[in-house]
Structures are given as C-alpha cells and as structure tokens.
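Take a look at the structure below.
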Amino acid sequence: MDETLGTALRRWRDRLSPTDIGRPSRPGRRAAGLRREELADLAGLSVDYVVRLEQGRATSPSAQVVASLARALQLQPVERDYAYRLAGLLPPQEGTISTHVPAGVQRMLARLGEFPVGVFSADWTLLSWTPSWAALLGDPGARPPAERNLVRAVFATGPSGLAAWPVLQEGDVLRPALVADLRTALVTYPRDRDLIGLVEELRSTSAEFARLWAEGAVGPHVSARKTVLHPQVGEVTCDCDVLTVPGCDIRLVVYTVAAGSADAEKLEFLRVTSGVRTDGPSSPGPGLFSAP
C-alpha cells in the first residue's frame with residue numbers, strides 16, 4: 001500500500017523525543033515520540049487539524065502548513081520534499097527561497113531557550129523563534145508569513161501594527177544592510193515571485209527603500225546595542241548579533257544580556273510572568289511581531 005501523508009507524519013513524529021525539541025522527558029511518559037499536542041504546538045496548528053491529517057480526513061494542506069510541519073518534525077530536505085509530494089504539492093523549486101530550517105539549527109534553538117533568538121529566511125521572513133523572543137519583543141505568531149517580514153516592517157510608511165513596542169538603536173546601519181541582503185537574494189533566487197514582489201512593493205511604497213536601492217546600498221550586519229522599551233519592565237538593553245548558518249541562507253538574530261545585570265533580571269521576569277516556555281523554539285501562535 002502506498003504511504004499517505006498521515007502515516008508519514010506519524011512515523012516522523014514517533015522518531016522524535018521531547019529532548020530533541022528542548023523539552024524534558026518526564027518519568028512515566030507513555031509516548032515514545034512527540035505527542036500530537038506537541039507537534040501541533042510546534043507547527044502552529046490545532047490539535048484537531050493534526051489528528052485529521054494523520055487520519056487522512058484532511059487531505060489538502062497548504063504549502064505553508066507542510067513547511068511548518070517539516071520544520072517542527074526536523075525533516076531533512078529530501079524528507080521535506082517527500083512530504084510536499086504526499087500532500088499533492090510541488091516541493092520548493094531551485095531558484096526560490098527556502099523556508100526550511102535545518103534540523104541541527106532547530107536542535108540548537110531548543111537549547112537556547114534562555115536567549116531571545118529569531119530565525120529568518122533569505123528575504124528576512126521570520127520562520128521560528130524562542131519563547132524568550134516572544135517574551136521580550138512580543139509573540140509574532142498571529143501574523144501570516146507576509147506580515148512577519150522584517151524588511152517590510154522596517155520600511156513601512158505608515159502604522160504597520162507589527163511592532164509590539166519600540167526597539168531603539170543608535171545610528172541606522174540596519175536599513176542599508178537589509179537592502180543589500182535583498183539585492184543579493186534577488187541574484188541568488190531569481191525565480192522567487194514573492195521576493196520579486198516584495199522588492200517591487202517596497203520600491204513603490206517606500207521612498208527611502210527606493211533611494212537605497214537606486215544607490216546600490218551595501219552594508220554588512222554588525223553587532224549592535226538595542227534598547228527595547230517594554231511596557232512591563234521599561235528599558236531592556238541588549239546586544240544584538242546576526243549569525244548566518246553556513247551552507248544555507250538562514251539567519252539567526254540573537255539578543256543577549258550580561259549575566260547578573262539589571263537587564264538580565266528584567267528579561268528573566270518577563271520570561272516568568274509572560275507564561276512562555278523557555279524549553280524550546282516556537283512556531284506560529286497568537287501574538288505580534290517586533291523587528292529586531
């Protein structure tokens with residue numbers, strides 16, 4: 001009998017353990033792999049929908065759903081493409097931006113729950129984040145992927161509704177660097193329609209983006225000090241670093257604070273009082289987006 005998407009999802013779910021996603025494996029746990037509830041939480045889906053997928057009662061998941069499941073299940077690229085085909089979809093084509101987060105990066109995120117970390121694709125769309133990111137900046141999950149794009153948020157000409165609260169930085173090296181990144185991405189992924197549309201949109205709606213694009217702006221991402229004006233604890237000053245994963249165009253934006261500092265105490269307070277877990281990366285759930 002040919003395999004279905006539902007049977008493949010169950011097989012992939014069974015091979016993961018809670019520790020693979022940064023959660024404790026408590027004594028007496030019956031499930032050897034992930035529970036459906038855990039997979040649903042990681043993929044930003046309802047438990048009922050995951051059940052219907054596994055039972056074959058939901059047969060037409062969108063490409064976005066399959067991509068979220070692939071990330072949550074830590075699939076290898078060939079397995080991700082197989083999942084797309086089982087869903088009756090074409091896998092991401094060469095020349096288009098991948099939203100796949102390598103399994104090794106996900107395992108690393110699962111152990112970095114203490115730090116606010118966001119994972120971005122080549123066009124600066126937020127793909128995944130740690131619970132501490134949501135505690136400090138606001139949970140991004142309620143927004144669709146198009147509205148979780150950092151470049152669109154930074155160059156928005158009016159109230160975008162994307163920033164949960166202000167993030168301040170001395171100087172403005174971020175904007176030229178983002179424009180340079182999109183220019184590079186357009187050369188690397190010339191067939192990506194969403195990327196082409198994003199550049200065209202920003203050139204027509206943002207005079208600043210259009211100017212930087214016309215000037216051929218270039219600029220590397222550098223470490224920066226940023227101050228988050230949080231409504232509960234006031235100013236939280238962090239060091240912000242952008243790390244690129246070798247072999248793919250995945251970027252990690254990492255916020256850190258000095259151990260034992262007043263900022264560390266504020267961040268720990270936010271983690272505790274916001275009710276977010278610090279035991280693994282998150283995927284779409286309710287909330288807002290704040291640009292790093």
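The values are calculated or read from the model by the stated rules, or taken from the named source; none is laboratory data. What you see is a predicted model, and the numbers here were worked out from it, not measured in a lab. Cβ placement follows ideal geometry from the backbone for every residue including glycine, while neighbour counts extend to all protein chains displayed. Side chains are part of the model used for accessible areas, which takes the heavy atoms of the whole protein and leaves out ligands, DNA and RNA. Shrake-Rupley method; radii C 1.70, N 1.55, O 1.52, S 1.80 Å.
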(message) Give me the extension gain from LEU90 to ASP14: residue separation times 0.36 nm, minus the current Cα-Cα distance, reported in nm with one decimal.
(response) 24.8 nm
(message) Given R₀ = 35 Å, what would the calculated FRET efficiency be for GLU37 paired with GLU215, taking r from the Cβ atoms and rounding to 0.05?
(response) 0.10
(message) Using square roots of five times the C-alpha gyration tensor eigenvalues, list the equivalent-ellipsoid semi-axes of segment 180-257 in whole Å, biggest first.
(response) 28, 18, 12
(request) On the full set of protein chains, 1.4 Å probe, figure out the accessible area of TYR189 and give it in Å² to the nearest 10. (result) 40
(request) Give the peptides 241-251, 61-71, 260-270 in descending order of average Cβ contacts within 10 Å, highest first. (result) 61-71, 260-270, 241-251
(message) Given the whole protein assembly as supplied and a 1.4 Å probe, what does the accessible area of ASP172 come to in Å², nearest 10?
(response) 80
(request) Calculate for the chain the 222 nm mean residue ellipticity that helices alone would give, adding -39,500 (n - 2.57) per DSSP H run of length 4 or more and normalising by residue count, nearest 500 deg cm²/dmol. (result) -11500 deg cm²/dmol
(message) Among 12-23, 48-59, how do they line up by average Cβ neighbours within 10 Å per residue, starting with the highest?
(response) 12-23, 48-59
(message) I'd like the Karplus ³J(HN,Hα) series for segment 212-225: coefficients 6.51, -1.76, 1.60, θ = phi - 60°, whole numbers in Hz, and an x wherever there's a Gly or Pro.
(response) 5, 5, 5, 7, x, 4, 10, x, x, 7, 10, 4, 9, 9
(message) Applying a 10 Å radius around every beta-carbon, put 176-183, 224-231 in order of their mean neighbour count, most first.
(response) 176-183, 224-231
(request) Hey, can you find the accessible area per residue of the chain for me, probe 1.4 Å, expressed in square angstrom? (result) 47
(request) Rounded to the nearest 0.05, what FRET efficiency do ASP194 and THR59 give with R0 = 35 Å and r taken as the Cβ-Cβ distance? Could you check? (result) 0.85
(request) Arrange the residues VAL222, VAL199 by how much accessible surface each exposes, largest first, with a 1.4 angstrom probe. (result) VAL222, VAL199
(request) In whole Hz, with x marking every Gly and Pro, tabulate ³J(HN,Hα) for segment 65-79 from phi via Karplus 6.51 cos²θ - 1.76 cosθ + 1.60, θ = phi - 60°. (result) 5, 4, 4, 5, 5, 4, 5, 4, 8, 6, 6, 6, x, 5, 6
